[in-house]
Amino acid sequence: MTRRLGFALLPRADHLRTAVQLQRDVGGGVHLRPRLHPDGNLPHVTVFQGPFADSLAPEKALETIGASAVENGLRGEVSLASTGVVYQPTGWLFLALERPPLLQALQAAALAVLDPHLDRAFFDGDKDVSRFTDDERTSYERYGYRYTGDAYAPHVTLGRTDEETALQLARTARDRVSLPKEWVFDRLSFYVMGEHGAHAETLLERPLSRT
């Protein structure tokens, strides 16, 4: 049975709570969806997500990707600088993060392991990609996911709303919200995708301290 799964970095506990509160602060009176919660939809940085066939063994995949992460210097904790709250078509608000080489290497390692198990029959061929960049369109056509390779844009999803509201919230976020300069991540995770690709259920976690 095909399952929609994701592979992600999870924030350290204190930064996880900060991200949950940040969604509420950025939204103000707007109910951004999906709602983040420390015991529900977890704030996260997606490395890759998609529809996977039964041939994928998440535990083995996590072990392999984690070992590759060590080779590329990803261990213990990783700090990523925030670059602001940004709007992304259509209707998304992201906490944008830097894209250092070690994060690009992590995604490349994940793709090498996960690509053979993608169930491409479940890609959404009717998806409107008219507002994707060229790199995002290429990524989507190849992997069924918008953000890989040159299109990879590390971020914590703060939620989605209508276009006009999302644009307004992004424009005013800097004046309304104080953002931490650095966000610390300490775990790798396989998760079941929920609403809008949310980290709805954790299948497996692996502390970076083990890698």
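Just name the residue that is most open to solvent (accessible area, probe 1.4 Å) out of those in the range 1-49 that are among the charged types (D, E, K, R) and in contact with a strand residue (DSSP E or B) (Cβ under 9 Å, 6 or more places away or on another chain). Working first, answer last.
So in the range 1-49, the residues among the charged types (D, E, K, R) come out as 3-4, 12, 14, 17, 24-25, 33, 35, 39.
In the following step, the residues that additionally are in contact with a strand residue (DSSP E or B) (Cβ under 9 Å, 6 or more places away or on another chain) were identified as 3-4, 12, 14, 17, 24, 33, 35.
Working: ARG3: 91, ARG4: 111, ARG12: 68, ASP14: 58, ARG17: 144, ARG24: 65, ARG33: 112, ARG35: 80 Å².
Looking at the filtered set, the residue picked out is ARG17.
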Filter result (open to solvent by 20 Å² or more (accessible area, probe 1.4 Å) and under 18 Å from VAL70 (Cα atoms)) within the range 180-203: ASP186, ARG187
Segments classed as helices (runs of 4 or more DSSP H), wholly inside the range 69-179, with at least 2 members that are at pLDDT 95 or above, open to solvent by less than 40 Å² (accessible area, probe 1.4 Å) and farther than 22 Å from ARG35 by Cβ: 101-114, 134-143
Close pairs (9 angstrom Cβ cut-off, 6 or more residues apart or separate chains): under 14 Å from GLU182 (Cα atoms) and in contact (Cβ under 8 Å) with a residue 40 or more places away in the chain in the range 13-24, among the aromatic types (Phe, Trp, Tyr) and outside any helix (DSSP H, G or I) anywhere: HIS15/TRP183; HIS15/PHE185; THR18/TRP183; ALA19/TRP183
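The values are calculated or read from the model by the stated rules, or taken from the named source; none is laboratory data. Given the structure is predicted, the values throughout are model-derived calculations rather than measurements. Here Cβ is always computed from backbone atoms with ideal geometry, including for glycine, and neighbour counts include all displayed protein chains. Please note that ligands, DNA and RNA were not included when accessible areas were found on the heavy atoms of the full protein model with its side chains. Shrake-Rupley method; radii C 1.70, N 1.55, O 1.52, S 1.80 Å.
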